[in-house]
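A short write-up of the structure that comes next.
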Amino acid sequence: MALQVFTAVTGAAWESELVGALDRADHGVTVVRRCVDVADLLAAAGTGTGQAVLLSAELRRLDGDAVARLLAAGVAVVGLVEPGDTAAADRLRQLGVGRVLPADTDAARIATALREAVTGVPAGRGSVGHDVGDPRAALPALGVPDDPAARPAGRGRVIAVWGPTGAPGRTTVAVGLADEAARLGISTLLVDADVYGGVVAQALGLLDESPGLSAAARQATAGGLDVARLARLAWAVTPRLRVLTGLARADRWPELRPQAVGAVLEQARRLSALTVVDCAFCVEEDEELSFDTAAPRRNGVTTTVLEQADTVLCVSGADPVALQRTVRALGQLRDVLPAVEPGVVVNQVRRGPVPGDPRQEIGSALARFTGARVVGFLPADRRATDAALAAGRTLAEVAERSVLRTALRSLTAELTGVPVPGRSRRRR
């Protein structure tokens, strides 16, 4: 059966010739509709009559949301750019187009790319999906640290800090991990992606109204985000720590679309060796049950971050109520994202709420009810956290010798594989 394809390459001199070549030759491709703009293309995709679309980089009003809606409708996307136009190829890939070809590619190879896009065959380096050139081969120098050690040698890691509702201390853990990683010599980016109430800016004494993640997401939606722009949008707190602040108000959550946040994380991997993301608690997908059309997904940002992260940490409290919430949250996460296997960080550990040895009792309870692995216990240190919050600074700055800061530093060293430098003994 022939592959049914839409085209949206209006404005190109080679459109008619390409469509004719695809229809005439025996490539197994049938052009069922030639769309004139993005609105026409989305309407055609909603009819379910096409399996793939061939679009050009010059298509007006093409953005990440349009590509995401095409993919959600089950329409695979292949992009065409002018030969040698690496900027247009980079923009299409940032919008979510996995396969990009030069416009002078012969019809047989274009048909092959369309079939591979429909079947889901990955486009590896050197395949037709990279004929224009891989833009990741070079990093823009503007806005990027000059020190080569401050940039990742390859693809940076992403750690997502997530947890149940309540106050288990997700932001405290995220800020602590990012700060300690920077102090260990790792170039780090801290991202506030909490769509229900991010407070990273307040915790570090930064301006709430700074553009941050929302501005980066807007540029990613338009296909204009690169490493240099991301670096300019992030606060340089220390030479090795940058912060991308979150939403100033929770009602602005529609500004963060999952596809755009995913594109921001891809650029973050190029900017820093480590990216720590403070996530919201909720992962349910009730929006898809409430709407029969494409609708904004408030929790889509959280699930996108958890899917793309290399390491997911579930922050839990150490009292019976917090532990019960953690058990339920881990069960819900397993239903929504079965491939994600988080490690648990138990925060605010102290004697009193749990009888006996709290570490032993909590660890055995979580293993019995969730099967999750506990990667760290963080002691309660209210005096140190209060001092840090009041000053708008990190624990290492206001309480260097606190037990909580020591535990966070040890956890960071374990997660990153960078040992903590030994301290020389002082002479009496």
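Please treat every number below as a calculation from the coordinates, not as lab data. Predicted model, so just to flag it, every value in this text is computed and none were measured. When we count neighbours, we look across all protein chains shown, and the Cβ atoms used for this are built from the backbone with ideal geometry, even at glycine.
List 304, 412 from most exposed to least, where exposure is judged by having the fewest other Cβ atoms within 10 Å.
Exposure proxy ranking, most exposed first: 304, 412.
With a 10 Å cut-off between alpha carbons and a GNM built on the chain, which of 273, 220, 236 moves the most?
236
Could you give the dipole magnitude of the chain about its Cα centre, charging the beta-carbon of Lys and Arg +1 and that of Asp and Glu -1, in debye to the nearest 20?
In total the dipole reaches around 2240 debye.
What ranking do 369, 6 get, fewest neighbouring Cβ atoms within 10 angstrom at the top?
369, 6
What list of ³J(HN,Hα) couplings, whole Hz, do you get for region 270-283 from phi and the Karplus terms 6.51, -1.76, 1.60, once you set θ to phi - 60° and write x for glycine and proline?
In residue order, the calculated couplings are 7, 7, 10, 5, 9, 10, 10, 10, 8, 9, 7, 7, 8, 10 Hz.
Between the alpha-carbon centers of region 14-56 and region 216-242, tell me the distance in whole angstrom.
36
How far, in nm, would the chain grow between residue 119 and residue 106 when pulled straight, counting 0.36 nm per residue and subtracting the alpha carbon separation?
Here the answer is 2.6 nm.
Name the residue, out of 56, 410, 272, whose mean-square fluctuation peaks in a Gaussian network model built on the chain with Cα pairs under 10 Å.
Among 56, 410, 272, the largest mean-square fluctuation in the Gaussian network model of the chain belongs to 410.
Residues with amide H under 5 Å of residue 158's amide H, sequence separation 5 or more or different chain, H placed in the peptide plane at 1.01 Å from N; which?
So residue 158 has HN proximity to 275, 310, 311.
Which is farthest toward the positive dipole end of the chain among 56, 243, 185, measuring Cα position about the Cα centre, with Cβ charges +1 (Lys, Arg) and -1 (Asp, Glu)?
185
Quick one: 3J(HN,Hα) in Hz for region 307-316, Karplus 6.51/-1.76/1.60 with θ = phi - 60°, rounded, Gly and Pro as x.
Once rounded to whole Hz, the list reads 5, 8, 5, 6, 9, 10, 10, 9, 8, 10.
Could you pull out every residue, at least 5 positions away or on a different chain, whose amide H is within less than 5 Å of the one on residue 76? Hs are placed 1.01 Å off N in the peptide plane, and Pro or chain starts have none.
Under 5 Å from the amide H of residue 76 lie the amide H atoms of 52, 53, each far enough along the sequence or on another chain.
Explain nothing, just the number: dipole magnitude of region 3-120 about its Cα centre with +1 on each Lys and Arg Cβ and -1 on each Asp and Glu Cβ, in debye rounded to the nearest 20.
Taking the Cα centre of region 3-120 as origin, the dipole is about 340 debye.
Return the distance in nm (one decimal) between the two label points of a simple spin-label model at residue 47 and residue 87, each offset 7 Å from Cα along Cα→Cβ.
Each label point is offset 7 Å from its Cα along the Cβ direction, giving 3.6 nm.
Which order do 314, 282 fall in if you start with the one that has the fewest other Cβ atoms within 10 Å?
Going from least to most buried by this count: 282, 314.
Considering only 108, 29, 80, whose Cα is most displaced toward the positive end of the charge dipole of region 3-120, charges sitting on Cβ of Lys, Arg (+1) and Asp, Glu (-1)?
The Cα lying farthest towards the positive end belongs to 29.
Relative to the longest principal Cα axis of the chain, at what angle does helix 358-369 sit, 0 to 90 degrees, rounded to 10?
Between the helix axis and the principal axis of the chain, the angle is about 30 degrees.
So what is the relative contact order for the chain, in percent, with contacts set as C-alpha pairs under 8 Å and at least six apart?
15
When only C-alpha pairs under 8 Å and at least 6 residues apart count, what is the relative contact order of region 326-428, in percent?
21
Could you tell me which of 199, 119, 332 has its Cα farthest along the dipole of the chain towards the positive end, charges placed at Cβ (Lys, Arg +1; Asp, Glu -1), taken about the Cα centre?
199
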